[in-house]
Amino acid sequence: MLAKGCIFDFDGVVMDSERYHYEAWKEVADHVGLEFTEQDYFPFKSTGRHIIIDYMIKRSGKKYTPQLYDEMYRLRAEAYGRRADKLTADMTINGVREFLQLLRDNNILCAVASASASAGILIKRFGLDKYFDTVLDGASPLPPKPNPAIYLECAQRLNLDPSRCAVFEDALCGVEGALSAGMHTVGVGRYLEGKADKIIENFAGCDLSLIDFKETK
């Protein structure tokens with residue numbers, strides 16, 4: 001069964017920008033005297049800022065105050081903002097533009113479901129908006145992944161049943177949220193093997209068979 005709609009996470013799936021998010025959080029962790037490795041960051045990918053900040057405060061042993069929270073939130077925004085300025089249009093995931101064009105040529109609807117508040121801005125900056133019928137990013141009031149709300153809202157905007165949607169994610173919480181929404185999943189990265197319905201390293205050479213789930217669902 002060929003999916004009628006595709007929903008993409010942004011960082012690490014469309015744009016090769018996930019490392020900038022980690023580096024920004026590493027700066028925040030350093031500020032509160034906390035060691036924070038890429039392995040520490042992995043479970044928090046796409047979960048939302050307040051979840052990571054709460055975790056960092058608890059793990060650092062510092063007392064939670066609204067002032068500390070706001071300070072960490074501001075530091076993270078500034079740290080990522082400096083890095084986002086370095087992003088260029090050629091820093092998309094290998095093959096993703098070609099795959100998005102293939103979907104467009106075959107009348108497959110596309111959406112973005114991202115926890116990043118800057119995703120919508122970057123999509124327009126790099127001319128990616130022509131590929132997407134709707135974009136939901138961290139500026140929306142929807143609860144963070146793994147809550148399935150953002151995927152269900154995308155399906156509603158695309159006027160599609162969730163079972164006819166394929167979700168592309170590089171984060172475990174994203175895969176979990178998409179599955180709980182009743183959608184098919186494609187994990188971008190081998191570390192999601194056994195979690196998502198299908199796995200790819202990137203989009204190079206991908207064709208419509210990637211969103212044909214007759215063998216997995």
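Points to keep in mind about this one:
- Within the stretch 51-93, the set of residues being surrounded by 14 or more Cβ atoms within 10 Å (Cβ to Cβ), under 16 Å from Asp16 (Cα atoms) and out of contact with any helix residue (DSSP H, G or I) (no Cβ under 7 Å at 6 or more places or on another chain) comprises Thr92, Ile93.
- The combined condition, being surrounded by 14 or more Cβ atoms within 10 Å (Cβ to Cβ) and touching a Lys or Arg at 6+ places or on another chain (Cβ under 8 Å), is fulfilled by His21.
- Matching residues, the stretch 136-165, being among the small types (Gly, Ala, Ser) and more than 13 Å from the chain's Cα centre (by Cα): Ala139, Ser140, Ala149, Ala155, Ser163
- For Val135, the stated conditions do not hold, so it cannot be described as in a helix (DSSP H, G or I), in contact with a Gly (Cβ under 8 Å, 6 or more places away or on another chain) and modelled with pLDDT of 95 or more.
- Within the stretch 159-210, the set of residues being surrounded by 24 or more Cβ atoms within 10 Å (Cβ to Cβ) and part of a helix (DSSP H, G or I) comprises Gly174, Val175, Gly177, Ala178.
The values are calculated or read from the model by the stated rules, or taken from the named source; none is laboratory data. This one's a predicted model, so the numbers in the text were calculated from it and none came from an experiment. No Cβ is skipped: glycine too gets one built from the backbone with ideal geometry, and neighbour counts run over all protein chains shown.
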